[in-house]
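The values are calculated or read from the model by the stated rules, or taken from the named source; none is laboratory data. Nothing here was measured: the structure is a model prediction, and the numbers come from that model. FYI the Cβ positions are ideal-geometry reconstructions off the backbone, even for glycines, and counts take in every protein chain you see. Areas reflect the complete protein model, heavy atoms only, side chains present, ligands, DNA and RNA absent. Shrake-Rupley method; radii C 1.70, N 1.55, O 1.52, S 1.80 Å.
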Amino acid sequence: MFNKKMKPATKGAILISVWMFTFGTFILPYVMQAIGSEDNYFDNFWARVAINIFVCTIFGIYIAYTNNTKKAKKQING
């Protein structure tokens with residue numbers, strides 16, 4: 001899946017996005033139902049999966065990009 005031509009920020013974005021999607025789509029709803037906070041999560045399950053894919057991808061790319069720019073500034077400034 002990961003090749004040597006990919007930048008570290010891209011690898012980080014993919015890993016963060018997959019982790020956020022898995023946690024937010026499959027783990028968190030069961031926890032919310034267990035504590036009684038969310039009752040009707042599975043009514044529109046596939047719509048929520050589609051939305052979560054989009055949102056997690058955007059935020060994963062954002063987090064990886066900001067993390068990459070902070071490392072670059074730190075290396076330049078010393």
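Quick notes
- Rounded to the nearest 0.05, the FRET efficiency derived from the C-beta distance between T66 and I27 at R0 = 30 Å is 0.75.
- Two-site FRET efficiency, I35 against V55, from Cβ-Cβ distance with R₀ of 22 Å, rounded to 0.05: 0.45
- FRET efficiency for A47 and K11, using Cβ-Cβ distance with R0 set to 22 Å, rounded to 0.05: 0.15
- Solvent-accessible surface ranking, highest first, for F59, F45, F23 at 1.4 angstrom: F59, F23, F45
- Relative protection proxy for 28-38, 47-57, 7-17, from highest mean packing down: 7-17, 47-57, 28-38 (other beta-carbon atoms within 10 angstrom).
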